[in-house]
Amino acid sequence: MKKTKLYTAHQKYGAKIIDFAGYQMPVQYTSMIAEHQAVRNAAGLFDVSHMGEFFVRGKQALDLVQHVTVNNAALLKPGKIQYSAMCYEDGGIVDDLLVYMISQEEFLLVVNASNIEKDFQWITSNNTFDATVTDESDEWSLIAFQGPISRGVLQSYCDSPLELEYYHFMYAKVCGIDTLVSRTGYTGELGYELYIKAGEEEVLHIWDSLYKTSSDKGGSLTGLGARDTLRLEMGYCLYGNDIDAATNPLEAGLSWITKLNKTEFIGRDALLEIKNQGLKRKLCAFTSDEKIFPRHGYSIFKGNENIGVVTSGTVSPVLNKPIGMAYIDSRYSETGTELEIEIRGKRSKIDIVKLPFILK
């Protein structure tokens, strides 16, 4: 198992370490609920260095990105970011990812940790363009700093004004260290990502500096557990749970990033056919007033008919009630529909609701 450059910090601060996507990663430091609430009310510091970073460079870099992703990367400008996905020929999802436009001839693709090898092989096997693809995942550390106080704390260590709009990035020095600073986020809160191509000492210095200042204001170190509950409250998809090769972006509620009017990309023909035929199922959000804990794989029923399956579920630390997402037969996917979830042979009532679960 690999270790990130922040592994010694996780040990020092008493993190519970688990094996995740080939890395030893912190799942929590104190408690998932406390860390979750810290992000919502102050700030949380995440080590997400396990994520993958691919650089696409060359005269036809844009053409390659356009070919393998469903969104329209031609709309990007240097310093702008786009949420996108890659699909197989049948419309199934290879991965969801972020596309950073550094220049017309250079793009950064940020992919999910568990998919690095698969994604790299997929992109390179479909590269018939005048462009090179380089996997630099092991060279970069990635720190996410999320929460209402994140801007003020980060600004005290950043040499450039943090005037970034949502889904934009810039280059700056953080604690005197060259950093690519972006503003996307996986929590719904104001927040930043720090991409650092430096040694362990420099990465630890940034981590400890941000933690020291934010902890005095209610901030917390945050593990993968709270990261999952935070993203679920916002209704963000998780690859391997809510989306995978057996799902397509239209049924997953990602039609807004799927530009079918783009002249060509892998999976376009299949997705057009799926759209024309009509969706048989949809990824829906649900809540319950009962004391249950919905989990991945639980079945959803309408009467005696099994009409869906849970993809993600938890008890929301903010709402203090069960929330989840599930693929539901399109006939029963309307907001307000009452259904039942089966947990260990017992049925409990759930209601289909709109996303996000909490408004930010």
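The values are calculated or read from the model by the stated rules, or taken from the named source; none is laboratory data. Note that the structure is predicted; figures quoted are calculated from it, not measured. In this analysis, Cβ positions are derived from the backbone assuming ideal geometry, glycine residues included, and neighbour counts consider all displayed protein chains.
Can we say K259 is more than 20 Å from V99 (Cβ to Cβ) and in contact (Cβ under 8 Å) with a residue 40 or more places away in the chain?
no
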Residue under question is E273, and the condition is that it be out of contact with any Ser or Thr (no Cβ under 6 Å at 6 or more places or on another chain), outside any loop (DSSP other than H, G, I, E, B), under 28 Å from Q82 (Cβ atoms) and at pLDDT 95 or above; does it hold?
yes
Kindly evaluate T287 against the criterion of being in contact with a helix residue (DSSP H, G or I) (Cβ under 9 Å, 6 or more places away or on another chain) and not charged (D, E, K, R).
no
For a quick check of your reading: which strands (runs of 3 or more DSSP E) sit entirely within region 131-180 and have at least 1 residues that are surrounded by fewer than 18 Cβ atoms within 10 Å (Cβ to Cβ), on the phi < 0 side of the Ramachandran plot and at pLDDT 95 or above?
132-135, 169-174
What number of residues within region 294-309 are of a type outside the set (F, W, Y), crowded, with 16+ Cβ neighbours inside 10 Å and assigned to a strand (DSSP E or B)?
4
Select from region 319-354 the residues that are more than 14 Å from I300 (Cα to Cα), surrounded by fewer than 16 Cβ atoms within 10 Å (Cβ to Cβ) and in contact (Cβ under 8 Å) with a residue 24 or more places away in the chain and list them in ascending order.
L319, K321, K354
In region 273-290, is there at least one residue being surrounded by fewer than 18 Cβ atoms within 10 Å (Cβ to Cβ), touching a residue at least 12 places away in the same chain (Cβ under 8 Å) and aromatic (F, W, Y)?
no
Any residue at all in region 204-225 that's under 22 Å from L97 (Cα atoms), surrounded by 19 or more Cβ atoms within 10 Å (Cβ to Cβ) and free of Cβ contacts under 8 Å to residues at least 60 places away in the same chain?
no
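Which residues, taken from region 314-360, are aliphatic (A, V, I, L, M) and part of a strand (DSSP E or B)?
Passing the criteria: V315, I323, M325, A326, I328, L339, I341, I343, I350, I352, V353.
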Six or more apart or on different chains, Cβ under 6 Å: which pairs go from a residue in region 292-305 that's more than 13 Å from T337 (Cβ to Cβ) to one that's among the acidic types (D, E)? Could you list them?
S299/E342
May I ask you to say which residue of E340, E273, E264 is farther than 30 Å from V65 by Cβ and charged (D, E, K, R)?
E340
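Residues checked against (1) among the polar types (S, T, N, Q); (2) in the same structural domain as T30 (by TED's automatic domain parsing):
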| site | (1), (2) |
| --- | --- |
| V203 | no, yes |
| I206 | no, yes |
| K212 | no, yes |
| L221 | no, yes |
| Y239 | no, no |
| T258 | yes, no |
Report those strands (runs of 3 or more DSSP E) wholly inside region 62-116 carrying at least 1 residues which are hydroxyl-bearing (S, T, Y) and in contact (Cβ under 8 Å) with a residue 60 or more places away in the chain.
80-87, 93-103
Options E290, E264; residue that is within 19 Å of L97 (Cβ to Cβ) and either part of a loop (DSSP other than H, G, I, E, B) or modelled with pLDDT of 95 or more (or both):
E264
Scan region 190-223 for residues that are of a type in the set (D, E, K, R) and either in a strand (DSSP E or B) or closer than 20 Å to S84 by Cα (or both) and jot them down.
E193
If you check S103, S114, which single one turns out to be surrounded by fewer than 20 Cβ atoms within 10 Å (Cβ to Cβ) and over 21 Å from the mean Cα position of the chain (by Cα)?
S103
